[in-house]
Each structure stands twice: as structure tokens, then as C-alpha cells.
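Below: the structure, in C-alpha cells.
The values are calculated or read from the model by the stated rules, or taken from the named source; none is laboratory data. Since we're looking at a predicted model, the values are computed, not measured. Glycine also receives a Cβ, built like all others from the backbone with ideal geometry; neighbour counts cover every protein chain displayed.
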Protein chains: 2
Amino acid sequence: MEIFTLPLTLILILCIITFTQSAPMFLGKYAKKPNKLSYKYETKHFTQRLDHFSFHDSGSFSQRFLINTNNWVGAKRKGPIFMYCGNEGDIEWFASNSGFLWDIAPRFGAMLLFPEHRYYGESMPYGSKEEAYKDKNTLSYLTAEQAIADYSVLLRELKRNFSAEGCPVVLFGGSYGGMLAAWMRLKYPHLTVGALASSAPILQFEDIVPPETFYNIVSNNFRRESTSCFNTIKESLDMLQSMGENADGLKQLAKTFHLCGELKTAQDLSDWLSSAYSYLAMVNYPYPSDFLMSLPGHPIREVCRRMDSAADGTSVLDRIFNGVSVYYNYSGGVDCFELDDDPHGMSGWQWQACTEMVMPMSSDPDQSMFPTFNFNHTYEQDRCMSLYGVKPRGSWITTEFGGHDFKTTWKNSGSNIIFANGLLDPWSGGSVLQNVSESLVALVTEEGAHHLDLRASTPNDPDWLVQQRTSEIRLIKGWIDDYNQETSSAFVM
Amino acid sequence: MEIFTLPLTLILILCIITFTQSAPMFLGKYAKKPNKLSYKYETKHFTQRLDHFSFHDSGSFSQRFLINTNNWVGAKRKGPIFMYCGNEGDIEWFASNSGFLWDIAPRFGAMLLFPEHRYYGESMPYGSKEEAYKDKNTLSYLTAEQAIADYSVLLRELKRNFSAEGCPVVLFGGSYGGMLAAWMRLKYPHLTVGALASSAPILQFEDIVPPETFYNIVSNNFRRESTSCFNTIKESLDMLQSMGENADGLKQLAKTFHLCGELKTAQDLSDWLSSAYSYLAMVNYPYPSDFLMSLPGHPIREVCRRMDSAADGTSVLDRIFNGVSVYYNYSGGVDCFELDDDPHGMSGWQWQACTEMVMPMSSDPDQSMFPTFNFNHTYEQDRCMSLYGVKPRGSWITTEFGGHDFKTTWKNSGSNIIFANGLLDPWSGGSVLQNVSESLVALVTEEGAHHLDLRASTPNDPDWLVQQRTSEIRLIKGWIDDYNQETSSAFVM
């Protein structure tokens, strides 16, 4: 189960944005803590203002953070502080799944710090999740800017407590956490020396990248394995639509796909399948990974093999069922499938997507295997108004953090960020894939998927992954060395 | 009256921070509009969110901005946009007193834009100043971050309306407006190509510069003209304290200083005199300037001449009265003086100083001519709690905008800012006086005072001022040329 927690942080976005009719399907299951915590840390709490940017009487909340100082060489030797920017979920979950930080802390003599994102895990304003998620007024302080300000305030306070004002801070983050790491480095460069932003789609806003990018990459993951596989999926999704038009068709579909209950609309099934395809693309890792359900290495290859190798005469939908079972039932223990597996209903990310995190996504059937879907601002607005009474601010993120013409605008005003991406990851399309300057560096791996680099090293790591991590370590070391040189430190690593 | 409006923007800070017992003395008078508006512009309004950083139901307000497109060469030719970051006052006042922008707009083919700072002038939330300033909850959105976000949102909307997304934006600002310009360039580099931050004490926070800096510079302005002048002032301020201890002494002081009414405490008189000294240092300009009351060129030289040249046997306090009359009554029309000339009472800056803009200032009598004064956080906290029910956040500005170790931290993560300062200006002590990098440049003039460079050129400008402005124009042109080159523009200025 542990292997696949991090990559999930963004599938939630996907589910919400693409399949607007359905509730997010994964967070409920995956948000639970891993059964076994692999690493040792202290759990602490810090009182944060709920609103950093006004003096409105909004009170405070208790932010949880995890800390490990076992390897830290101390303030006098300017021991670095490695801070992981918590994502939209329980921070223990991210700490346990960011093995890269734990792996490299000893050689850097670094302290590890994992602050939890407000409104997630145990860092709930108003005392409980129920109260915090009550309505738009209680949710109103769930924004990326406030979360980054939390991290900044915590960092300064922590450095003060450890007399560690002179210690360099390196930020880490994957997926949404990677976006926060990159943005924090851009907005608070005075508090950090650099950031490793892995699989961080900070360009997936407004019209910076084409809205079809995500689904085109998902589709290419299948096409590159087999054209017939790609075509089968495409054909099946069209079939679902026509079959969904009558009750018999729905019954037939429920039976073919071994659903536990009734199928209400074909769209529910379509969402369930499409989520699996997108998800598989994100974790199209080169070696077996073990998450909620186990997956083989190159899982899409296996999906397509099962679809393509079915006996002649096997129907399109049966082939699909064979294939998608790789994702939903690889270990074979499931008798029937529940389409809606989110026990908690509305999630924090759903709020974020309805307010700031407006990531337009469409599907163009000329290029992708998915049916036509056009992102529609009016539809989104209506949806968010009816859900929360808020209007999404589609231009805010690019106003606050930039993104348009980033090669020109960040070139001279940003430094020391690694944008790490694997091209199999559908989120790579909204990420920075080219060097912006000597120190705003894109590390792109052709065979990589969703921020595999942040996970603990394993004996199965392919050479390119080992090499990617080596480059990351070299760059991070360079930032720290530069900092130490500039501040005339005598400490040599 | 026009000449001296801009330099006043910071004396307010001074009054509040130093003489905490007294209300700000100057804003009331100077905040009124100039009698004659020298420049032509259109006045427009733009609806802004009251809170950019949360989704709290705080509503919106109408922001006023002034715009002049007469010289603009248009979007197709990438005509630059020069934006002045409005300070803590009526924007017409700043537009009229920032002649430098009007002088250089034609040669750059630039549009001029003057957005007003929220909670000042006509840009009042809640419909009126009375409502906006009612209590801490209505005032709570009066922060620098919100103001900078206003400017950013306005800029994007304006560019969209003019199809001017490709046009480079240069920021300008003096005093607090200069701080906003520098901070906006650091935090929103994606929206601008550079900033001229004149007399912007962005380091006057926490313990970045010694708290005695301001008063030491004021004092040096007097000492460099004459040691006896410096000593007379020092002696007089000590005398006031002992004379203030009995009613006869207060009566005597009221008579000596030609006050219109009773003198309640010697501190009131001390504040009135000390404000004049600080104010004189700020506008210790090399040529006559005409503001509320006219001042000669090198006004401190004239103050000291009058103190020193009084007949033998003239008392210390009479000498002081002679001298300070240069500031309060140079044109000779005043019969008696009112110590409290602020008709409006609480000002917006007073709120800002009680919340974010905590600029510690002290006076060390070993180095300055002022009596001992030690900035005291507990005292400030009590004062602000009793005034507004808020606690100042003394570490917030440096968390949000940096400042500590700025040479290291901004070196690689900021670009294209001119920090212009005159060393006679007491605010220069809290400003950036050394180059940080090739493009974070300090322009320091030994004989300059408070942001004279932003004013319209006059035939009286000394060579160093002409040269300073020439350097500024050259740097600004460089930013625009670089931008045009990087965006492959064909437009050559």
C-alpha cells in the first residue's frame, strides 16, 4: 500500500476536473495512514494564524509537523534543513512515502521537516474536519498562499528555536507538494536555497498549455504499447455511451464489469474506467509497485497484453474488463467492484479546485482515446456555485505565481529549482520540461512517471532513475555549497 | 505646496513610531489635494476583491486609478507601461508629484498608470472612510500584501483590455510606495521588468539595521552644518524635560515658542520640534522648495545659521525658536503655532504601523542630538492593543518579503531593481545602499535627500541629480531593451 500513496496526490485533481459529475474516487481510501510507518520522527504542533494576509479576527489553528534531527550536524556546522511541503493529505503518509529525503539526509547531515498542509490530516482549523469543512466561510482559508505562508512562518520559528538562522533550507515536494515547493522557492527565496519540485504541473493553468495535454499523454501511454489496445479502449468508451441509453444496456454493463450493485448511468462506469487509465499512466513505473492493489512493472504493457491476447471473438467490453482488472484486481481477490469508493464525500481538493486550482482539461478524440470533453468555465462556475457558493478564480494562480512566458519572466528572477518529470506521467504536460536558466533546471526522464524520484531507492531502480537522483543530489549539494561559500561558512560537507 | 507632498509620506511613520504619545502631526494637512493639478489624466475605477488571499465573504471595493495614454505607442509596438505604486494617501497627490514619470513617458512611448492604495484617497472599502476605519475588522484588509495584489490584478486586467499582454511594465515608487515597488518586483517578477524604488527603507524592520540609524542621520544633518547648532538643539531638548515639570515652566515655553494655546506637556513641544528636525533632514534639498510653507535650499544650513548667528546672550530656547521658524514659518505669515495640526485623528498608516509596518527606532544620545529613546516591543504592543485591539506582527514583513542577509538571499533571486537613496535622508539608513548584484543596483547620492529623483526636473537641479536621473533612465531602458530582445520584439525604441 505504501508504494503508491504519493502518486495519488494528483489523481484527485484529475477525477474532479475531468469527471465533474462524479465525486473524487480515490482520496477516501488512500488518505488513511499506512499500516506501518517506516521512519522514525517526532510529531509536534505549532500554532498558526488562520489568515496570514489580513488582521481579520479569524483565529488560529494547530499545525502538525514531523521532525527528525538524528542526522542533523547542528546549527554551528550549518546543517541543512530539508523541508517537504505537505500536500493535500495526511503528512505521515507523505513522510513515509518520500524515502528520497530519508535516504539522503545522512550524507547531507540534514534535519528533516514535514509540515502538514492546513485543512488536511490533523491540521484542522476550527477543531475538527467537520467544522473546518462546514461551509465556504470555514473553508475560505484553505488556499495555497496561506499554506506556503504557514511553511514560511514555521520555518522561521523553528530556525529561531534551534538558533539555526544560518542553516540552508532545501524544499522538496511531489505533485501538488511540488507545486508548493516551486512556488515557495519563487515567492520566498530569502528563506530557502533551492527546491526540488517533482511532477509539479505549475503550468496546467489558464491557457499556458493546451487543455488536451493530459489526456493525450494518457492515451499515448497506451498507443505506444499497442495500437489495437488504444483502439479497443476508444471504441469501448463510445459503446458505453450508446449502451447507457436504456435500462437493458445498463444491466448488461453491470454484469460484464462485475459490479456489486446497479449501474445508474454509463457515465459512472466511463469515469471508473477512465480514472484507471489515467492512474495507470501516472504510475506506469518500470518495476512492480505495491499499493492498494499490487501492480506489475510497466502496468500498461500488461493491461494491453491482456486486452490484445484475449481469444478471437472476445467482445470489446470483455477485453476491456480483462485489461482494467490489472489495475482494479491484479492480485485477484476482488469478487465485485464498487464504483464509488470515496466514503468521505467532499474533499479539500474539491474546494481548492473550485477556488484557485482551476486546471482546464479537455479531450480531443482526434488525438486521444477518450470521448470529446471540452473544459467549460461556465459549467465549472455553476458547479462550484452549487457545491460551495464560490466562483472559481481562473486567472488568480497565474497572477499570483506566474506561468505565462515563464522562460522570459523567471529567467532572471528565480533560481535553484529542479523541475523533475517523467514523460509517461500525464502531469508532465503541464510541468516545466526545459531549462529556464542555469539554475532553473528541468530533469526529464523519458521512461519516468509520477515523481518516482522522491521514493526510497530500491534494488529494482533502473539506471536512468539512479542517474536522475544522482543529478538531483549533485544540484542540491551545489546550492548548499554556494550558500556556504557566500555566507563564508567553514563547514565543508 | 506641491513640492513637498511626496517626502511627507514617511514622516508619518516617524511621528508614530518615535513620539508614540502624540497623534500623527502632518497627514491631516498634507493629505489634501494640491490646488492645481499639473498633469492630465483620466480617472477610472476597478472592482477589487477586498481579500485576495482567502475566500472569506469580505466583498469588494472600488479602486481608483489614474491613467494617461497620450504618449503610449500602443500594444503592437510593445509600448511600456509605467506604473506608480500608490502610497498611503490620495493618488492624485502622488501623480502630481511624480514629475519624473511624466517627464520620461514621451521618450519611452509609455503609458502612465497610478493605482491608488486601498483605504486611502477615494479607494475606500465599505463605501466611506468612516466605515472603512470603524474598527479592526473593517481595517483588517489594509495590508501591503493586499495592496500589491490589487496592483497585480489591476495590471493583468488592464493589459487584457488593451491587448497589451506583451508590453513591459516598469514599477515606480517613492518612500512607502518605493517599498511596494521593490516588494512587488521581488514577489511578482512575472508581471514586471523592473522597479525604481526611491528612498524605500525596506530594511528598517526587525534588527536588520540598528534602530538608532534614523535619528543618527537626522542629527548628522545638523552636525555637519555646525557643531554649535547640534549642541544647542541637544541642550534644548534636555531643558524642555526639566522645564516641563512645573506649570510655570510650561507657561514660559508656550510664550517662548509663540504657541496659540496652552502647552499641556513638554513632550508635545518636544515632538513638535523633533518632527521639524527629522522633516528638515528628509527635505534637506539643495534648492528652494515650495510646500505648505516655503523652504530655502539647504534648509538645515539656514536653520543653523539662524541659531548660531543670534546675538550674544540669546538664550538657548530663543535660538531654537529662531531656527525652527525656518521650517514652521519661513515666509513669515504665522502669528502663533498650533502643535496638533492633524484634524483627522487616526490615519491608515497608524493602523499599518500597529500591524505589519513595525519599524523599530531608538535614539542614543551618545550619537544623536535627541534624548534617550528605546524602542520597546511591549510598549508598542500595549499601545496597539489599546488603539485597535491588535498585536503588531514584528517578524512578519521580514518573513514575507525578506531583508535579513539580503545580499546573499536576493542576489540570485531578484533582478532589475534600482534602490535610489540620498544620504541626507534619514530613511536611507534603512534602505539598500550597496549593489546586491549586477541588476539589483544601489544609486546613492551623497547630497540627496528623500526621493528628489522622482520629482519633475527643474532648472535648479544640481549636476548629481541630473546624473542620477540619467542613470535611472539608462537602466530602465536596459530592462525594456532586454525584455524586447528576449521576447524577440521588432520594436526598437
Would it be correct to say that A:GLN467 is surrounded by fewer than 23 Cβ atoms within 10 Å (Cβ to Cβ) and in contact (Cβ under 8 Å) with a residue 24 or more places away in the chain? no
Residue tally, condition at the interface with another protein chain (Cβ under 10 Å from one of its Cβ atoms), touching a Lys or Arg at 6+ places or on another chain (Cβ under 7 Å) and part of a helix (DSSP H, G or I), over the range A:134-155: 1
Selection from the range A:327-348 of residues that are among the small types (Gly, Ala, Ser), buried (at least 16 other Cβ atoms within 10 Å of the Cβ) and modelled with pLDDT of 85 or more: A:GLY348
Scanning the range B:161-177 for residues that are within 23 Å of B:SER96 (Cα to Cα) and away from chain A (no Cβ under 12 Å) gives B:VAL170, B:LEU171, B:PHE172, B:GLY173, B:GLY174, B:SER175, B:TYR176, B:GLY177
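Results for (1) of a type in the set (D, E, K, R); (2) under 24 Å from B:LYS187 (Cβ atoms), shown as yes or no for each residue.
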{"position": "B:PHE94", "(1), (2)": "no, yes"}
{"position": "B:ALA105", "(1), (2)": "no, no"}
{"position": "B:GLY121", "(1), (2)": "no, yes"}
{"position": "B:LYS129", "(1), (2)": "yes, no"}
{"position": "B:LEU158", "(1), (2)": "no, yes"}
{"position": "B:ALA164", "(1), (2)": "no, yes"}
Step by step: first the residues of the range B:115-133, then only those that are buried (at least 17 other Cβ atoms within 10 Å of the Cβ) and of a type in the set (Gly, Ala, Ser), then the one that is farthest from the other protein chains (Cβ to nearest Cβ). Which residue is that? B:GLY121
Count, please, the residues in the range B:183-212 that happen to be within 14 Å of another protein chain (Cβ to nearest Cβ), within 20 Å of B:PRO392 (Cβ to Cβ) and not β-branched (Val, Ile, Thr). 5
For the range B:102-132, the count of residues that are assigned to a helix (DSSP H, G or I) and over 24 Å from B:ALA164 (Cα atoms) equals 7
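Does the range B:161-177 hold any residues that are small (Gly, Ala, Ser) and buried (at least 24 other Cβ atoms within 10 Å of the Cβ), and which are they?
B:GLY173, B:GLY174, B:SER175, B:GLY177
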Just checking, which of A:SER236, A:SER278, A:SER219 is in contact with a helix residue (DSSP H, G or I) (Cβ under 9 Å, 6 or more places away or on another chain), buried (at least 16 other Cβ atoms within 10 Å of the Cβ), closer than 30 Å to A:GLN434 by Cβ and modelled with pLDDT of 95 or more? A:SER219
Just need a number here: residues in the range B:440-464 that are farther than 9 Å from B:ASN421 by Cα, free of Cβ contacts under 8 Å to residues at least 60 places away in the same chain and of a type outside the set (Val, Ile, Thr). 4
I'm checking my understanding of the structure. Among residues of the range A:377-415 that are aromatic (Phe, Trp, Tyr) and more than 22 Å from the chain's Cα centre (by Cα), which one is nearest to the other protein chains (Cβ to nearest Cβ)? A:TRP410
Report, by residue number, each residue of the range A:78-101 that is part of a helix (DSSP H, G or I) and either under 16 Å from the mean Cα position of the chain (by Cα) or farther than 18 Å from A:LYS44 by Cβ (or both). A:ILE91, A:GLU92, A:TRP93, A:PHE94, A:ALA95, A:SER96, A:GLY99, A:PHE100
Given (1) over 20 Å from the mean Cα position of the chain (by Cα); (2) among the aliphatic types (A, V, I, L, M); (3) crowded, with 23+ Cβ neighbours inside 10 Å, number of the condition B:ALA311 does not satisfy: (3)
Filter result (more than 10 Å from chain B (Cβ to nearest Cβ), touching a Lys or Arg at 6+ places or on another chain (Cβ under 8 Å) and not β-branched (Val, Ile, Thr)) within the range A:416-436: A:GLN434
Within the bounds of the range B:446-467, is there any residue that is closer than 20 Å to B:MET359 by Cβ, in a helix (DSSP H, G or I) and not aliphatic (A, V, I, L, M)? no
Return the only residue of B:LEU158, B:LEU180 being away from chain A (no Cβ under 11 Å) and surrounded by fewer than 24 Cβ atoms within 10 Å (Cβ to Cβ). B:LEU158
